Structures are given as structure tokens and as C-alpha cells.
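Let me begin by presenting the structure, written as C-alpha cells, before commenting on it.
The values are calculated or read from the model by the stated rules, or taken from the named source; none is laboratory data. Since the structure is predicted, the reported quantities are computational estimates derived from the model, not experimental observations. Cβ placement follows ideal geometry from the backbone for every residue including glycine, while neighbour counts extend to all protein chains displayed.
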Ligand code: HEC
Ligand code: HEC
């Protein structure tokens, strides 16, 4: 995500830029505000309180990924999709692979892995957060990268500098890299854009009016993949 990241994310990103193989415990940065609050809350309660996703989502909504319905995951029956649901919904809603490009995912996954290890080790595992092992981590990375956002090659689309192109540009890179229109067919784009509009509403991003939305869909369809 290019926009809307909190300062703590930037700081942590730098700390874990070394990626997946880095020894995690040693490099764990400051927990984010939401985690600190959850840890503090958890300590005051009796018994093992699992991470409370709703609580976290409420406190850190702006920094957390908007959720996707598991039914919308690509390759829903693959082990990657299963591991994503097993590990990545422990603290927030289910993140879709399209949120990042293949080159961005290693760093984001490395940061999330660090968080899981950090939370998993806390108070002898009382937070109840599990972390993937190395094999599972590699399956997750492969899955996320295989279905990652494909960024547009702007040079190949001179009409990005027309009104519909500009509307597409400003609207569709509020949360992830500007998508390559060729990753969907003309038939597929309207429902993808409809799902994106739900994300925009959920995240309080600028959601264009009907006319502009239709222009964006037209733009995408004009450049879309040939019928599959
Ligand atoms: C231990 C809790 C925890 C778990 C488990 C977790 N996350 Fe996160 N996630 C966070 C927190 C906290 C943030 C907001 C701060 C940040 O971005 O680091 C976040 C934010 C995100 C974001 C939005 C920020 C960005 O850089 O795009 C994505 C995407 C994400 N997580 C993906 C994942 C994936 C994929 C997994 C499973 C491999 C996962 N998360 C598991 C705690 C967690
Ligand atoms: C408010 C944030 C947000 C905005 C703005 C946004 N997206 Fe997304 N996008 C997401 C999220 C979250 C995902 C991953 C979950 C999913 O696939 O629904 C995603 C995934 C995608 C994917 C990969 C998944 C798939 O079905 O292929 C494509 C393509 C995409 N977005 C296109 C667009 C287009 C086109 C626009 C502009 C009309 C747009 N996005 C605007 C949040 C956003």
C-alpha cells in the first residue's frame, strides 16, 4: 500500500527489510499501538485471551487491510489459500493477494511473520497467536506472489493522460499499485470494480460517482485481456 500507512509501519518496514530469512526475535521492533493496547488489555484479564480481531480492526482500521470474503480468494482450495486463512485472520480481516505486487510481498510478509512470532512468544503464548513454519511461510509467499497485483506499465498506455485515464489513475492507486488492465477480461472488470468500490467505502477512500466509475470501467475494458 502506498498511501495511508502509519508512521510505525514505515519504521518497522525498515527494520525488517532483510526479509523472510532474518532471525525474527532479535529484530522485532516496537509493537504497534493496537498491539500494545491488546497486550495491556490481555494482561489485565484472566486466562488466555486470544487476539481479538474485532478489537484490533477497530483500533487500527486505517492501517489494516480491508477484508476479503474467502470465497473471493484465487485458487480457494490451494494450500496457500488455506494457510492465508489460518494465519492471516488472527489479527485482522483476511487480506487479498492483490493488495501488493510480487516485489512488495516479501517485505510485508516478513513484517507480518515478525508480528506473529512476537505475539506468539508473548507471555508464554498466552496471546494465542500462531506463526507459520519455514515451509508454510514459503507456500504463503508463493501464493501471494502468484496472485499479486500486476502493476501497469504506464509507458505503454499514453491515454493514461486523458480524462478517463486520469480518473483511473487517481482512483485505483489509493490502496495498491495501479493495476495492469490486462489482468482481467472486459467481462470480468465490472465486478472487480464493484468489489473495489466496496473497499473504498469500507476504508473511507474517495469513491467516484457513477459517471466517472463508468469511464474507468470503459478504460479498463478497452485495454483488457482478450476473452479467455
Ligand atoms: C500478530 C498479528 C498479525 C497477524 C497474524 C497478521 N497481521 Fe497483517 N497486520 C498486523 C498489523 C498490526 C498491521 C498494521 C501495521 C502494519 O502494517 O504492520 C497489519 C497490516 C497488514 C496489511 C496492511 C499493511 C500493508 O503493508 O499492506 C497487510 C496487507 C497485512 N497485514 C497482511 C497480512 C498477511 C498476509 C498475514 C498472514 C501471513 C498477516 N497480515 C497476519 C498484524 C498482523
Ligand atoms: C480502498 C482501497 C482500494 C482501492 C481504492 C482500489 N482497490 Fe483494488 N484492491 C483492494 C484490496 C483490499 C484488494 C485485495 C482484496 C480483493 O481482491 O478484493 C484489491 C485487489 C485488486 C485486484 C486484484 C484482485 C483481482 O480480483 O484481480 C485488482 C485487479 C484491483 N484491486 C483493481 C482495482 C481497480 C481497477 C481499482 C480502481 C477502480 C482499485 N483496485 C481500487 C483495495 C482497493
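I need the helices (runs of 4 or more DSSP H) fully contained in the stretch 84-172, keeping only those with at least 2 residues that are at pLDDT 95 or above and away from ligand 2 (no atom under 15 Å from the Cβ). So that I can check it myself, show each step before the final result.
Details: elements: 105-121, 134-146, 163-172.
Filter on the stretch 84-172 gives 105-121, 134-146.
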Requested in this report: Check the stretch 150-159 and report whether any residue there is more than 16 Å from ligand 1 (Cβ to nearest atom), within 20 Å of the chain's Cα centre (by Cα) and within 17 Å of residue 99 (Cα to Cα).
Outcome: yes
Query - Number of the exception - residue 205 against (1) buried (at least 18 other Cβ atoms within 10 Å of the Cβ); (2) within 17 Å of the chain's Cα centre (by Cα); (3) not assigned by TED's automatic domain parsing to the domain that holds residue 80 - result: (1)
Query raised in the report: What about residue 199, is it crowded, with 18+ Cβ neighbours inside 10 Å, within 24 Å of the chain's Cα centre (by Cα) and either more than 8 Å from ligand 2 (Cβ to nearest atom) or at pLDDT below 95 (or both)?
Result: yes
**Report entry** Residue check, residue 199 within 16 Å of ligand 1 (Cβ to nearest atom), within 14 Å of residue 99 (Cβ to Cβ) and either in a loop (DSSP other than H, G, I, E, B) or touching a strand residue (DSSP E or B) at 6+ places or on another chain (Cβ under 7 Å) (or both)
**Finding:** no
